[in-house]
Structure formats: C-alpha cells, structure tokens
1. Please specify each residue of the range A:124-145 satisfying the condition of being under 13 Å from A:R61 (Cα atoms) and assigned to a loop (DSSP other than H, G, I, E, B).
2. Quick check on B:M173: is it surrounded by 23 or more Cβ atoms within 10 Å (Cβ to Cβ), among the hydrophobic types (A, V, I, L, M, F, W, C) and modelled with pLDDT under 85?
3. Would you check which residues across the range B:287-305 are within 18 Å of the chain's Cα centre (by Cα) and in contact (Cβ under 8 Å) with a residue 24 or more places away in the chain and list them?
4. Restricting to the range B:12-23, and then to whatever is crowded, with 17+ Cβ neighbours inside 10 Å and out of contact with any helix residue (DSSP H, G or I) (no Cβ under 6 Å at 6 or more places or on another chain), can you tell me which residue is nearest to B:D122 (Cα to Cα)?
5. Has the range A:92-111 got at least one residue that is part of a loop (DSSP other than H, G, I, E, B) and crowded, with 19+ Cβ neighbours inside 10 Å?
6. Residue pairs, Cβ under 9 Å, 6 or more apart or interchain, first in the range B:196-208 and part of a helix (DSSP H, G or I), second aromatic (F, W, Y) and at pLDDT 80 or above. List them.
7. Determine if the range B:283-293 includes at least one residue that is aliphatic (A, V, I, L, M) and within 14 Å of chain A (Cβ to nearest Cβ).
8. Can we say B:T248 is hydroxyl-bearing (S, T, Y), in contact (Cβ under 8 Å) with a residue 12 or more places away in the chain and over 22 Å from B:A179 (Cβ atoms)?
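The values are calculated or read from the model by the stated rules, or taken from the named source; none is laboratory data. Quantities reported herein were computed from a predicted structural model and do not represent experimental measurements. Please note: Cβ atoms are built from the backbone with ideal geometry, for glycine as well, and neighbour counts cover all protein chains shown.
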Amino acid sequence: MAIGVKVVRRPERDVSYLRASLKGMALTFQHLFRKKVTMQYPEEISKDGWSISPRWRGTHRMLTDEQGRARCVACGLCPQICPANCIKLVPGEDEEGNRYPLIYEIDEFRCVFCGYCQEVCPEEAIHVGVHYENAEYQRERFVYDLERLCAQTHPVSSLWDPSDPRGE
Amino acid sequence: MTPELKGFLLLGLVKSLVGFGALVLGVAFVTWVERRQAAFHQDRLGPNRVGPFGLFQPIADGIKNFIKEELVPADANRILFLLAPALVFTPGLLLFAVIPFAAPMPVSFDFSLPLLGRFVYDDAMPMMIANLPLGLLFVLAISSLGVYGIVLAGWASNSKYSFLGGLRASAQMVSYEVALGLSVISVFLVAGNLTLTGVVAAQQAMLWYVLPLTLGFVLFVISALAETNRLPFDLPEAESELVYGYHTEYSAMKFAMFFLGEYAALITMSALMATLFFGGWDIPFTSWDEGEPSVIVSLTTLLVFLLKTFSFVFVYIWIRWSLPRFRYDQLMALGWKVLLPIALGYLMLLATAIWILEHFNIEQNLVYGLILFAVNLPVIYVLFWILDSGRLVFGYGGQRRMTN
C-alpha cells in the first residue's frame, strides 16, 4: 500500500442489532413512567430550577426619576446606534434648558433586541427588559410610546460585562 | 326481494356504516394515542389542551386540515394526483370488513316500511361487516392495493422526493408482501380454513396461534410493520432524506387522507394480528364466550377484541419511537435474504409437523397446539443464535470477507 491506507478490522461477530433493539425498546418503555419535564406554561409560570437569564433582552422599559418623569434627556444616541432603526425620538426643551423627549417611540416589531440602546444610553434611561409576555391583539400596539415605556415594571436586563464575562 | 333478503341487506348497511364509522373514529383516536404515547416515551406530555386529556385534538386537526389551502403542483398529473389519496385510504378501511370483532349477536326484527315493504331478520348476526368465504385471500388482495395509491402519489406529484418515495414504497411493499403472505399461509395450514371466523373458531378449539405458530407471528409482525410503512421501515417517507417521500407535495385534506389511511392500515393490521394469532375476540381460559350467543357476550368479546387490537397499536407506536430506520439495502436484504428463506423453511417444517401429527391421528386440541409450540422453540432458539452472533442484515459491503 503506497499511500497510508488504514484497514479497519470490523467485528464480524456479536454485532447484531437484535439485542441492541430489545435493549432500546426496554429503555423507551421505562421512559413511559418517568417524570415528565413539560412545564405547562400559562398555568404553571415557572418550575423549580427554571428562570430566564438575567441577560435576556426583551421588550424595552424606560426608567424614571423621583418625580416620575422619564430619565431620558433626548441626546439622540439611541436612535443613532439602533441597527434596526426602530426608535423615533423628537427632542424638546423646557424653559430652564433641560432637554426631554417630546416623542419617544419604539417599534418592537422592528427591534432586533441587540441591547445597543441600553449600552449607549448615558443616563441609563432606556433598558431592554427581562420579559417575554408581549402578546397583543393589534399590530399598532407594538409601537410603544413614552408613557407605556415608563409604565413597564419588569426587571431590566444586565448587559454583558467584558471584565466579568460569566456574570459572576 | 324476499323480506329475509331485505332484512339481511339492511343489516349489512347498518353494519358497514357503524363499522366503518367506528374505524374512522378509531383512526382519529389513534392519531391522538400516537402523539401522546410518543410524548410519554420522550418524557413530554403531548397534546393535552383540547378537551379532556387532549382527546379532541384530532377534531381540531381535522378542522385545520379542512380549512387549509389545497395545492396541486404545476406540472402534476392532476387526475392521478387527486386520485392517489383515496386509493391509499380505501384499502385500509376495506380490510376491516372481513375482521370479526365480536361474538355473534342475536338479532331479530320484523317490521314494515311504506314503499320498501317488510324486513325480517332472525338469526345470530356475525359481528363483521362481510363474512366472506375467502376472508384471508381478501386481506392479501386488498392490502396489496395500498401500494398503488402510494406509487401514483409519488409519480403524479412531479417531484423528485415524491418519486423516490413512491419507488421505494413500491419495492418495499411488494417485497414484504411475500413474507406477509407466507406467514399467513402458516395460519391456513393449521386452521384449514380461509374465513377469519373459521380461524377464530379453530383457535378456540386449540390454542391461540401465537404459541403453535410463534415464528409465523414474528414474521407477520415484521412484515406488517413494513407493509404499513411504519418505522423502522418508513423508507417511503424518510423525512430526513426524502422530505416526506410520496406525500411531500400534498397539503390539507389530501395529506390528511394519507395520514388517515396510514393509521387505518395500522389499526386493521393490529386487528389482523389479534385475529390471526391472538384468538380474535376469544376470551382466554373460559368457554363462556363460545356458548349461546347473547348481547352481553357480544359486547364483552368486543371489549376484549378492542383491548387486543389496541395493545398491538401500542406495540407498533412503541417500536416506532424506539428503533431507527433501516438503510435501503438493509431493508431489501432483510426482506429477501432473511425473512423469505425463513418463512419458506418454516412452512416446510410446519407442513411436515402437521403431516406427522395427522399421521398419528392427533386431534386439533391443546396437545396438538403444544406439540407445534415445541417444534417452534428450537427453531426460534437456533434462529436467534444465528442472527445474534452475526450481523443480522448485510448490506452490499458487509458480504465481503475480510482477507488479512
């Protein structure tokens, strides 16, 4: 054999799948009586040992200050960085020169949930949330306005920290 | 027409309506059983939302399939494409016609209808749709019809996946029909009777044929699996390689027809196994059910028959969710090189044994059955030893001896 051909000696005895099949059948039969792992979702919200990751990036939430106003200063960074172009921001200014958003809307259908808006926000105002129950009856309801974003109460996502990559 | 003939026809009509209706209902039930049992084998729960335990799931599926869009591929042969699902569906139902599902029930009526006249019936009604004198031959003939629907579906779809699936199906079903037929012949040999009622009666007089014909039963189970295209022989479908084989291009109710046909075949094959090898509606260890026909006996035996049938359905599904699919060459090798020789040799052995038993004038009773069982045991032992010590099925490459 000029080139290195490796001849594998395959076993010729005791390779029948007769016993293996019977063994497999016995195994699947045992599984009939095992405890089922299914979580019956709407009734059974969570099961022991099951939770979504704290780094889950779900629908947005706008944090508010002590007076209940949005923390957003309408700097325009989030619509700038948003890769899906789903944030609509019209800045406004009050008499004292404080900027605030006149219109702040997020189209959750367009959003790709990258979390860049949360990362870029200097005021830690806009966040992606640890939340997944978003069902609505109308498509229009998926454009979240400022009021709605502020009214959300679900926990917010803790973004990936390069210095602590495993979240410890 | 005499009133008796009219009564007979009326009863036949009622029986076929009730029988086929029950079968279709059973098919719907089995689709649910399949999904639930599959889930349980995989530590899941399966569909349990629609109705109690999800029992109404088949109805929801049916409604969905009715609402869905019917698609016919652009270059498909339209007539054959539409015909194929019906051709698959009917044999499964027709097979059920000759299976006796309970002890005869005494029926007697005598009434008149306007225009139609007088209807009379007063006899023990055989609890099967058609008491054909050629029962088992009918089974073989009709079960071979199923392949036409599948081949036509594969060819008419004008799709490579469907075509390959249809080709495989035809080769597979034709091959395994040989083994299926030969294993059924072993039942003929012992029962000496073609009607399924006769087979049941013979088993009541002797023993359930699973003991005297153990090997025949094993052959029948394997070839029945292949005939109904169930795993581990579901090569015509082979979703991992052929997308879904012959019904790739089918949608909505036409797809559902294939589905229903498959499950109808599953039920009838299970019922056949129960009838041919497990005494049909016979209740073991008692002769109460063979006595005077009455409604109670009929209903009890019906329950027993259902129990037997559904235990086979259970085994079928259990096998499906345990074993992987055969390779195509292995399938053919198993059919022609293993099952066929075994079946032929077994028939010769069986015929010799029966000839010897008849030579000594032994009656067909328990002893007769046990002697046949004793003949089976060493054969099974030797076969198991041979098959277990070597590769059970050689592919092409497996036949080359290693020279080294």
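1. A:E124, A:A125, A:V130, A:H131, A:Y132, A:N134, A:D145
2. Numbers: surrounded by 23 or more Cβ atoms within 10 Å (Cβ to Cβ): yes; among the hydrophobic types (A, V, I, L, M, F, W, C): yes; modelled with pLDDT under 85: yes.
Yes.
3. Residues satisfying the conditions are B:L302, B:F305.
4. Our first condition is that a residue be crowded, with 17+ Cβ neighbours inside 10 Å; within the range B:12-23, this holds for B:15, B:19, B:23.
Next cut, out of contact with any helix residue (DSSP H, G or I) (no Cβ under 6 Å at 6 or more places or on another chain) only: B:15, B:19.
Working: B:K15: 16, B:G19: 21 Å.
Out of the qualifying residues, it is B:K15.
5. Yes - at least one qualifying residue is present in the range A:92-111.
6. From residues that are part of a helix (DSSP H, G or I), the pairs are B:V199/B:F188; B:V199/B:Y209; B:V200/B:W281; B:A202/B:Y209; B:Q203/B:Y209; B:Q203/B:F277; B:Q203/B:F278.
7. No, the range B:283-293 contains no residue that is aliphatic (A, V, I, L, M) and within 14 Å of chain A (Cβ to nearest Cβ).
8. Working: hydroxyl-bearing (S, T, Y): yes; in contact (Cβ under 8 Å) with a residue 12 or more places away in the chain: yes; over 22 Å from B:A179 (Cβ atoms): yes.
Yes: the conditions hold for B:T248.
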